[in-house]
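All of the numbers you see were taken from the coordinates with simple rules; none came from a lab. As the structure is a computational prediction, the values presented were derived from the model and not from experiment. Cβ placement follows ideal geometry from the backbone for every residue including glycine, while neighbour counts extend to all protein chains displayed.
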Ligand SMILES: Nc1ncnc2c1ncn2[C@@H]1O[C@H](COP(=O)(O)OP(=O)(O)O)[C@@H](O)[C@H]1O
Ligand SMILES: [Mg+2]
């Protein structure tokens, strides 16, 4: 007999197969996360988005730090609707897209995707079709998650192709990043995504290298999970200033050290080869895996 999880999966697969025939393009989905809070994920996500848009990429940021309205505060813009409205079937994804600077669009998470686990078939159908629209209007989707080892954060990481883990040199931030990787490694289902690490708030590159090596060695040695070094971002008081002004640092301080570091990381990410298999990549692939995980 088919249980609820099976029927969810069947429905998802049927839907995606239909959608795939039409779509040739899929967005690149990058999840930005951390073990500990307050390490700079949201500022990183936002300014990386701006950097991508300078490379003529169309970017959508999904604010998935549910409960904390981060992106909108940094942009100084208040969205009317959020992701929960789409899940409830009350709004289309177009209605919850808010325009930010530089052509960037963002979606506020609202109360989150918790509702995804007990959603009706009709709602799920609606949600998938709606969300697939993001593949058509964006090249890159950045998901800014909350910190820590919550079920929803782990599901996001599991569902994404690429995950960027942000840490600072603080020992608590490092051990929490390691714990996050460990938890994902120990989860039963799904693949282990490709982990990239950014060390934020460093004094200098030497400190960045040292911290990266520490995490990377531990992850390889004890977990068998190799990491990739995306680079380092210095502590920069101009970033703090930009946050106070509710403006992205890369826009109001184009020559500051923070901006330079983001430019470098953005270039590295632009050079990474991207999976073009529309069944597996893009927001469709992402939501498909997400539903499989929640449903399972
Ligand atoms: N590179 C940096 N230099 C200086 N301050 C930083 C830097 N990165 C983050 N911060 C500080 O940390 C605060 C929290 O950053 P935020 O991006 O909101 O973190 P998270 O999303 O991980 O909770 C910022 O408001 C800023 O004051
Ligand atoms: Mg945040």
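Rounded to the nearest 5, what % of DSSP beta bridges with both residues in segment 67-223 are antiparallel? So the antiparallel bridges amount to about 35 percent of the total. Remark: relative contact order (segment 192-296) = 21 percent; criterion is Cα-Cα distance under 8 angstrom and separation of 6 or more residues.
Between the alpha-carbon centres of segment 30-103 and segment 223-252 there is a gap of 16 Å.
Mind jotting down the distance between the C-alpha centroids of segment 257-274 and segment 123-188, whole Å? If we compute the Cα centre of each part, the gap is 19 Å. Would segment 50-181 count as rounded, prolate or oblate if I go by the C-alpha gyration tensor, calling it rounded below 1.5 in a/c and otherwise prolate when a/b exceeds b/c, oblate otherwise? In terms of gyration-tensor shape, oblate.
At q = 0.14, 0.25 Å⁻¹, what log₁₀ I(q)/I(0) does segment 199-264 have when each alpha carbon counts as one equal point scatterer in the Debye sum? Per q value, in the given order, log10 I(q)/I(0) is -0.49, -0.97. Fewest neighbouring Cβ atoms within 10 Å first, the residues 203, 92 line up as 203, 92. Peptides 133-144, 38-49, 53-64 ranked from most to least packed by the mean count of surrounding Cβ atoms within 10 Å: 38-49, 133-144, 53-64.
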